[in-house]
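What follows is a short report on a single structure.
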Amino acid sequence: MRLARGPGGVPEGAAGCKQGEGRDGTRLGAAGPARAVGTGGGAASAAAAAAAAAARAAAAAAHAAAAGRRAAAERSQRTHSALLRALWRACAGRGGPLDAPAAGLPALALAAVVPRPLPDPGRFRYWVDYQALSSPESAALAERALQMLGGVRTGGPPKLDPVSAQRQKIRDYGYMHMGAWDLLLSITAKAMLAAEVLRPGQIVSIVPGCLCITRKTSLVRSLVNAYGPEAAFGIVPLTFKLPEELDDWAAWDPGLWMLKNNKQRGTGLRLVPTAEAFRVCFETCTRPGLEGVRLYRWYLAQRYITDPLLIKGCKFGLRLWAVIPGAVPLRAYLHTNGLALFSSEPYRPEDAGKSGALGGVAAGHITNYAQNENGEAWDLPQLAAHLGAGRWRALWRRCVEASALVFASALRRIQEVQAQMDLPPRSTFQYFGLDFLIDASLRPWLMEVAHEDPATLSVIQNAKWPVVRDMFTLLGVGPERFASPPQGHAATLAEVEAEIGRRGGFVPLMHLFPTEEEVPGLSIPWTAADAALREWAAGSSAYAAAAAGAAGG
């Protein structure tokens, strides 16, 4: 498999995506002109060229306005972060109590920096922003785990009170109340705002830089940049970025392609044959806040897996959960709990080009639970019993290895983003859902890395509860952690060993991170701290016992 390369051997369209960008994909004309498909396409090529010309003409007038709005949004975000820093320094430097009014500071601004005291010193404070968790059941799991560890919710509209949440969610996020919490669960954009002004001891649910794997377009770029196209497209299906790689896409044999945008939870998908794909890929749409600007609807074309493993005639995918508790050194863990999520209808190849009842992809061809709530769900022991011990161990090992490669590929971008920030020691973590499709040869194909979790029914809730509980335990969340904040930017080996001792059902992935000695030409900037962790893990019996779960042991 080949990916066309631009100057310097870097795959076209493979430039890093800035953390916190305010766009979901390519703006018309933003990354160079959309190209007609290659010669030899006949009528399809001519139609595609005409559609491209029309799209470029429609976008030309709007492009300058779009660029201006994007620049204004970025200036606004930088100004907001700078204001919060200035307010905190002004309050902290006055020499008086922080809850006393500061001359010249508006009351709303003070709410962002004035701490709220916690009556019980044996507890810690957490804040859950309304949109951080996708369902009331998911929010209840997080709150249950935090309360068991001594947490008290000091802010954030309760997920179980949608009326209150709807009223407050626009104007009341945790980053606006930096003194009100020790731990914040928030959505990506708001968590990044909090990360910019974190105080010593606080912890927020984002690892800055990980947007490079949680966005579909950026995930493919990260894998290609780290490992090259051949290895990358052994983890994810062959993928082309639109519109930049239209010519390269046209050179491939006809088949079925899944068109995708950066939406998650099974939305933003369209399954089409090649001939139709070259027409559909030029569709445009609008976005809230960018009225009058036409954007390309589809950002990726991904080869469709036409030989899925079937159980009872239905496709299924694996949802696995992982956590990065820190990036210096990089640590990642995958939980042994997970789910097999089935399509709600039998898989019929002839339905590939048909739409489902609500539009999009036919129900027999999609396994995401959020779009397929009538589908069956198994826990992993059920799946293992069905496949047999040997086949299950082989599948699990492949999923673990792929997960390790994905998280390692994010390190360069994590370092680039965090080098521009002043993060307190050990102040960030991130929780991920990885979705794999399994083909008939038991090969897992990564579909997406989600930063939000799916809707919950009883079997999903039962599988997820140990994951959520073990995640906060592994992080060392509790009153003691916040009473004595970590010191030093890098986690020590003793701290990593203690982290592994608290892992619960998580298995470490660090021994599976690739090195240049193992993979010549590897492009991952490992640090001395990463090397020290690898050396320690190689000789640690505690690590070996923990890593046994990665092999299905």
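No lab work stands behind these numbers, since they all come straight from the coordinates. None of the values given here were measured: they were computed from a predicted structure. Every residue, glycine as well, gets a Cβ built from its backbone with ideal geometry; the counts of neighbours run over all protein chains shown.
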- Item | Estimated dipole of the range 238-304 in Debye, rounded to 20 [Cβ of Lys and Arg +1, of Asp and Glu -1, Cα centre] | 420 debye
- Message: As a test of understanding, state the convex hull volume per residue of the range 238-304 from its alpha carbons, in Å³.
- Response: 84 Å³
- Query: Taking the Cα atoms of the range 197-327, what is the range of coordinates along each of the three principal axes, in descending order and whole Å?
  - Reply: 56, 46, 33
- Item | Options 269, 242, 256, ranked by Cα towards positive dipole end of the range 238-304, top entry (Cβ charges) | 269
- Query: Going by average Cβ neighbours within 10 Å, how do the peptides 473-479, 179-185 rank, with the highest at the top?
  - Reply: 179-185, 473-479
- Task: Compute the FRET efficiency between residue 306 and residue 251 as 1/(1 + (r/R0)^6), taking r as their Cβ-Cβ distance and R0 = 25 Å, and round to the nearest 0.05.
- Result: 0.80
- Item | Entries of 241/312; 216/315; 216/312; 260/312 with Cα pairs more than 26 Å apart | 241/312; 216/312; 260/312
- Under-5 Å amide H pairs with residue 332, H placed in peptide plane, nonlocal only: 509, 510
- Stretchable slack from residue 484 to residue 379, in nm (0.36 nm times residue separation minus alpha-carbon distance): 34.0 nm
- Message: At 7 Å along Cα-to-Cβ for each site, give me the label-to-label distance between residue 144 and residue 416 in nm.
- Response: 4.1 nm
- Nearest 20 debye, what's the magnitude of the dipole of the range 409-553 about its Cα centre given +1 on Lys and Arg Cβ and -1 on Asp and Glu Cβ? 340 debye
